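I have placed the structure first, in the form of structure tokens, so that the comments after it can refer back to it.
The values are calculated or read from the model by the stated rules, or taken from the named source; none is laboratory data. This structure is a prediction, so every number in the text was calculated from the model and none was measured. Reconstructed Cβ throughout: ideal geometry from the backbone, glycine too, with neighbour counts over all protein chains shown. Side chains are part of the model used for accessible areas, which takes the heavy atoms of the whole protein and leaves out ligands, DNA and RNA. Shrake-Rupley method; radii C 1.70, N 1.55, O 1.52, S 1.80 Å.
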Amino acid sequence: MNIKQAKEHIKNTVNLYLKKDEFGEYRVPVVRQRPIFLLGAPGVGKTAIMEQIAQELGIALVSYSMTHHTRQSALGLPFIKEKEYGGEGYRVSEYTMSEIIASIYDVMEESGIQEGILFLDEINCVSETLAPSMLQFLQYKVFGRHRVPDGWVIVTAGNPPEYNKSVREFDVVTMDRLKVLDVEADYGIWKEYARERGIHNVITSYLELKRDHFYRIETTVKGRSYVTARGWEDLSQILYLYEEEGIAADEALIGQYVRNERVVKEFAAYYDLYNKYKKNYHVEEILDGKAPEEAFARANAAAFDERLSLLSMLMDKILGEMKEAVETADYLNELMFLLKAGKNLTEKTRKGINVDGENIGEKEPDAGILADILEKQAEAKRKSVNSLRMANALSEGDKRKYRRILFFLEQAKKKLNAGDAKTAGEGFEQVKKQFDCQVGEMKETVAATKERLHALFSFTGKAFGEENEMLILVTGLTVNTSGARFIAMFGCEDYQKYNGKLRLSKRQEDLRQEIEKLEL
């Protein structure tokens, strides 16, 4: 199965293992909660999906690599304890709490989240001293005398023996206590992930043309040669930084992440060509609706790989702008609820209603009251964010959103404390003005993005017609989360027009194929 299918299987399993009956007991007893074993080649995204699952389910995640653990480190070093048996005092040796189990309790205490996933990577590389204890652990969730807390699901992962010399194959007795998921690399699935993560467009454009270069592990006369999803993602990050600093990315850099000479050379050549396309086609002018005539002529005469590269560059720019608009809308929506709650609290204060709901006489609160309310809201938000962060259940998108909310509240509080507003009412109007200003900026940004999206549709139609390239554009906007949300929130007449046309064409093609099957 691919990594996306594995993710759904794991989410379903975790949900079922955490399901309780009417008495608060877990429906699946601990002894029947088989740990999941993700078996797949290195770098296919096994660790990444565990973070996504924890974030999507709102539970905690504790991750450990088992490669460095021995029996002593996993079970805990022994210590001497005084005990009494039959009236006599004895000094006995006991194992301390495992580092792994202790980490779970630390996360539960620091985050306040009581359920989660214990993810143990490279589990089939455990040392021989620890192997006998693994059977007990896999069936009963116990390390020595220390049990994994109830409400924590165990997910493990490992590489097949051909990829890792340290692998020890599990026997049938061990495997019979696991839910085994065999995972294979799949570019189509990774491409969806790449869009959401903002993987550099040059990488996805290249892999669209060279899908067999996405993932490969070979043995050559020079040793092992490999290209992995992890390598492409890490290369993407460094390419962005190189471009920001104006540093040329050469084969030496690419070869540090992509360990295959042929792929390195071909990707380096494509990267140079990609930058040439970017300069020659005047990407910004196209999106501003000011494409020069030579851009239309050149695009129309271009080979398919050049057309695909150009379209990918244009889509990458517009999807980034759509993502920013959607994230800003999410941030402003959540901030709006906080500000409304703050206004309601100041209203209660003005009417003289105390915590018991009794009216103790109307009075006009000063602006400091509102500043205190905003500070309490900020503190509550910080606590919530820190809880999710400690549990490893905070997505990158949520991190950005909460940073913006906290920054707004901090700035608003500072202005209120500066003394420009005397009463809470005046203070709220001041805060509302700041908020309305940001809403206005977002509306201008959305309008500009819609204009640029219209320019992209117009260029695609004029340069390529309404066939393959238009289908790629519509499909790209449909499958990208930010693109689809932007269109749903703010609309796009061009998208609706071409989406309808292309769907009609597809129905006609499906009908034609069905007629051919009848062999009339």
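When the trypsin sites (Lys or Arg not before Pro) in region 273-339 are filtered for DSSP coil states and for at most 15 other beta-carbon atoms within 10 Å of their beta-carbon, the remaining sites are Lys290.
Among the GluC sites (Glu not before Pro) in region 175-235, those located in a DSSP loop and surrounded by at most 15 other Cβ atoms within 10 Å of their own Cβ are Glu184. Cross-link partners of Lys376 among aspartates and glutamates, defined as those whose alpha carbon lies under 17 angstrom from its own and excluding same-chain residues fewer than eight positions apart: Glu334, Glu347, Asp366, Glu410.
Structure note, pairs Lys343/Lys443; Lys290/Lys317; Lys401/Lys422; Lys7/Lys179; Lys276/Lys450: Cα-Cα distances above 21 angstrom occur for Lys343/Lys443; Lys401/Lys422; Lys276/Lys450. Working note: Karplus 6.51/-1.76/1.60 with θ = phi - 60° gives region 477-483 the couplings 5, 6, 7, 7, 4, 5, x Hz, where Gly and Pro are set to x. Protein heavy-atom surface of region 166-284, 1.4 angstrom probe: 47% of the accessible area is carbon and sulfur, with nucleic acids and ligands not counted. Here region 385-402 is scanned for amide nitrogen atoms under 13 Å from the site 7 Å beyond the Cα of Gln438 along Cα-to-Cβ, giving 400-402.
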